[in-house]
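A.B. asks: Below is a structure I'd like to ask you about.
The values are calculated or read from the model by the stated rules, or taken from the named source; none is laboratory data. Just so it is clear, the structure is predicted and the values come from calculations on it, not from any experiment. Virtual Cβ from ideal backbone geometry, glycine too; neighbours counted across all protein chains shown. The protein model used for the area step is the full one, side chains on, heavy atoms only, and it has no ligands, DNA or RNA in it. Shrake-Rupley method; radii C 1.70, N 1.55, O 1.52, S 1.80 Å.
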Amino acid sequence: MFDCIVIGGGPAGISAAIYLKRFKLDVLVLMKDYGALDKTDHIENYYGFPEPLTGRQVVENGLAQAKRFGIEVRKEEVLNIDYSDTFLVKSTQDEYQAKTVLLATGSTRPNLRIPGFADHIGKGISYCAICDGFLYRKKTIAVLGEGEFMAEELAVLRNFSPDIMVFTNGRPLAAEVHGVKVITDPIVRLEGEDLLTAVVTAKDLYPVNALFVAVGTPSATDFALRMGAFVENNAIVVDSEYQTNIPGLFAAGDCIGGLSQIAKAVADGAKASLSINKTIRSKAS
Ligand SMILES: Cc1cc2nc3c(=O)[nH]c(=O)nc-3n(C[C@H](O)[C@H](O)[C@H](O)COP(=O)(O)OP(=O)(O)OC[C@H]3O[C@@H](n4cnc5c(N)ncnc54)[C@H](O)[C@@H]3O)c2cc1C
């Protein structure tokens, strides 16, 4: 069992992992890609670099630094986290147990530019099958997504209704789904006076009671919501120790809101690691 699994290999996650390793804790970092920094070619406001760096260079420097400390970093997408006394982290490749988890997955929740989408959030549109699936038992449910994350949410929703369809919104289906209708046409709008009543594609109109969004990869807030951690304005709520309301579940970086900058993410990671170290040491004594 790991002392801490860090989910995210960006500035917050790697900064935390370096401190944790230097505290002699057993740490694993799981990351799926280059995160927010993949979107920029010009970083020139981070301390200590006289010449601009690309976002990728910043991430690669961080990973090289982690490697020098012997930190285990695996390129795996995390799909789910279960919590009882300890944490069970399920990725696309494997399952891992840990005493604590640090969410450092950045801020990536999709806000889809589909007419009618924003109007129906909380009025038929949900981001969390475990939280809201029960509200739509025996109703017509749509799931929006194309990959493993969608398949995970679909599996949960099957407990509540047999009447489910999957919309990939123009993307190719990239996961196994059985016994559900799959609509790959792009969605042109969502309808409903107040509550959501239909998904409309270029070819057809599909009456639905709910649309569960599971596009791409689960974000930190998706994990948090499913586990019952508090989220406000798409940011995970943490206390002064960077701990969520779930003991042992910590969060740092863009996913907790505030200034979206490398300097703040690095500082968050460092501060969260101090709290994680305290938690592990107090469990041991
Ligand atoms: C276009 C752009 C330009 C920017 N320019 C600057 C700048 O000039 N200066 C500056 O200071 N900041 C800049 N920023 C902001 C900066 O990139 C972020 O504040 C910083 O990267 C946040 O670090 P983080 O570790 O919280 O998240 P991220 O860097 O986003 O890292 C998130 C990590 O989580 C991983 N992850 C996410 N979901 C999963 C999952 N389900 N399973 C496994 N891993 C997962 C990702 O793969 C990634 O490794 C810019 C951001 C953008 C988008």
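A.B. asks: What about Arg226, is it at pLDDT 95 or above and charged (D, E, K, R)? Steps first, please.
C.D. replies: Details: at pLDDT 95 or above: no; charged (D, E, K, R): yes.
The answer is no for Arg226.
A.B. asks: What are the residues in the range 100-124 that are β-branched (Val, Ile, Thr), touching a helix residue (DSSP H, G or I) at 6+ places or on another chain (Cβ under 9 Å) and not in a loop (DSSP other than H, G, I, E, B), if any?
C.D. replies: Result: Thr100, Val101.
A.B. asks: Kindly check whether there is at least one residue in the range 126-142 that is of a type in the set (D, E, K, R), out of contact with any helix residue (DSSP H, G or I) (no Cβ under 7 Å at 6 or more places or on another chain), in a helix (DSSP H, G or I) and within 11 Å of the ligand (Cβ to nearest atom). Write out each step before concluding.
C.D. replies: Here is the first cut: in the range 126-142, the ones of a type in the set (D, E, K, R) are 132, 137-139.
With out of contact with any helix residue (DSSP H, G or I) (no Cβ under 7 Å at 6 or more places or on another chain) added as a condition, the list becomes 132, 137-139.
Checking the rest, the ones that are also in a helix (DSSP H, G or I) come to 132.
Okay, now just the ones that are also within 11 Å of the ligand (Cβ to nearest atom), so none.
No - not one qualifying residue is present in the range 126-142.
A.B. asks: While we're on this one: Show the residue pairs that are 6+ apart or on different chains and have beta-carbon atoms under 8 Å apart, the first residue being within the range 112-131 and open to solvent by less than 70 Å² (accessible area, probe 1.4 Å), the second being assigned to a strand (DSSP E or B) and of a type in the set (Asp, Glu).
C.D. replies: If the second residue must be assigned to a strand (DSSP E or B) and of a type in the set (Asp, Glu), the pairs left are Gly116/Glu191.
A.B. asks: Filter the range 73-132 down to the residues that are of a type outside the set (Val, Ile, Thr) and touching a Cys at 6+ places or on another chain (Cβ under 8 Å) and list them by number.
C.D. replies: Once the filter is applied, which keeps residues that are of a type outside the set (Val, Ile, Thr) and touching a Cys at 6+ places or on another chain (Cβ under 8 Å), the range 73-132 yields Ala98, Lys99, Leu102, Leu103, Ala104, Gly106, Ser107.
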